[in-house]
Amino acid sequence: MPRRLIVGNWKMHKTATEAAAIVQQLMKLVPEPGNVEVVLAPPFTALQAAGQAMPIPHPFILAAQNLFWEDQGPFTGEISAPMIKELGCQYVILGHSERRQHFGDHDEGINRKIRAALRHRLRPILCVGESLGDREGGRTETVVTGQLLRCLDGISKDELRMITIAYEPVWAIGTGRPASPAQAAAVHKTLRATLASSWGPEACKPVRILYGGSVTPENAGEFLVSDQVDGALVGGACLDPQSFAKMIGLAQNVAG
Ligand code: PGA
């Protein structure tokens, strides 16, 4: 099984100064991430401060929460792959449902963003997930596999190993109502089967599938024990260093 991954998606929270303080607290609480890969995704404006708060080599890996597919140009307000790469990012979260909902991100654009990330050797964390209406209407599988295949269209077998998937049911994000571990495992299985039928079982082995949506220290263990779940994408509960450290600890225990 690939190394487990715990990602903290800070969303639009924390200034650069606050971010540095959080990273310092986290380093005290988690002196050694060990067998777990820990990724922090603060806002763009806090990436540099978060990086500078850590010794080199960084114990925690930096991720951006988005990027634009062009490298430079007249795109007011946008941030490109080389810009976040220079700040030390190794990962980038793409296709988050909040971006789809509030900023018009769509599968074709997300595909272009994934290609831009790969061109610059950034590892995309692609988010997919169904709405409550989709789930209640029995469309979960169709929706998530459709998003997966459209967003990864044209990606080679070689590039696939750079990809991480996060299954995040829209109805579970920020609601305090997570999917059940069984619901998550079922969707992860479907996603894995879809990857395997398009790229072959060998090529999709290194692809990790995370669960996200109201993950907390109280429920994280139930997801992480599943052999279908390679880690978690944590929003709200990652902003408190104590609770984020607890979830990293749970992943360390499961990874053994
Ligand atoms: P949440 O967010 O943990 O606050 O539900 C998860 C996410 O949006 O990635």
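Taken as a whole, the condition of being surrounded by 22 or more Cβ atoms within 10 Å (Cβ to Cβ) and part of a helix (DSSP H, G or I) does not apply to Leu149. Taking Asp240, is it without any contact (Cβ under 8 Å) to a residue 12 or more places away in the chain and of a type in the set (Asp, Glu)? Yes; evaluated as a whole, the condition is true for this residue.
Among residues belonging to the range 210-256 that are surrounded by fewer than 18 Cβ atoms within 10 Å (Cβ to Cβ) and among the charged types (D, E, K, R), point out the one that is nearest to Thr164 (Cα to Cα). Ranking the candidates gives Asp227 first. Considering (1) under 15 Å from the mean Cα position of the chain (by Cα); (2) without any contact (Cβ under 8 Å) to a residue 60 or more places away in the chain, the lone condition that Ile93 does not fulfil carries the number (2).
Checked against the criterion of being within 14 Å of Leu210 (Cα to Cα) and polar (S, T, N, Q), the candidates Thr175, Thr164, Thr145 yield just one match: Thr164. Test Arg177 against the criterion of being surrounded by fewer than 16 Cβ atoms within 10 Å (Cβ to Cβ) and within 14 Å of the ligand (Cβ to nearest atom), and give yes or no. Yes: the conditions hold for Arg177.
Okay, residues lined up against (1) part of a helix (DSSP H, G or I); (2) at pLDDT below 95; (3) farther than 30 Å from Pro31 by Cα:
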position	(1), (2), (3)
Pro59	no, no, no
Asn66	no, no, no
Asp71	no, no, yes
Gly77	no, no, yes
Tyr91	no, no, no
Gln101	yes, no, yes
Ala116	yes, no, yes
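Return a yes/no flag: does the range 125-139 have any residue that is crowded, with 24+ Cβ neighbours inside 10 Å, in a helix (DSSP H, G or I) and not polar (S, T, N, Q). No: the range 125-139 contains no residue that is crowded, with 24+ Cβ neighbours inside 10 Å, in a helix (DSSP H, G or I) and not polar (S, T, N, Q). Considering only residues in the range 65-112 that are of a type in the set (S, T, N, Q) and within 23 Å of Val39 (Cα to Cα), the one that is nearest to the ligand (Cβ to nearest atom) turns out to be Ser97.
For the range 16-26, the count of residues that are of a type outside the set (D, E, K, R), modelled with pLDDT under 95 and surrounded by fewer than 24 Cβ atoms within 10 Å (Cβ to Cβ) is zero. Glu108 satisfies every condition listed in (1) buried (at least 17 other Cβ atoms within 10 Å of the Cβ); (2) more than 14 Å from the chain's Cα centre (by Cα); (3) assigned to a helix (DSSP H, G or I) except (1).
Within the range 28-45, the set of residues being crowded, with 18+ Cβ neighbours inside 10 Å and among the hydrophobic types (A, V, I, L, M, F, W, C) comprises Val30, Val36, Val38, Val39, Leu40, Ala41. Just to verify a result, which residue in the range 206-241, among those that are of a type in the set (Val, Ile, Thr) and within 12 Å of the ligand (Cβ to nearest atom), is nearest to His96 (Cα to Cα)? Among those that are of a type in the set (Val, Ile, Thr) and within 12 Å of the ligand (Cβ to nearest atom), it is Val234.
Selection of the range 133-174 for residues being among the hydrophobic types (A, V, I, L, M, F, W, C), within 16 Å of the ligand (Cβ to nearest atom) and touching a Pro at 6+ places or on another chain (Cβ under 8 Å) yields only Ala172.
The values are calculated or read from the model by the stated rules, or taken from the named source; none is laboratory data. The structure displayed is predicted, hence computed values, not measured ones. Counting neighbours? That spans all protein chains shown, and the Cβs are built from the backbone with ideal geometry, glycine included.
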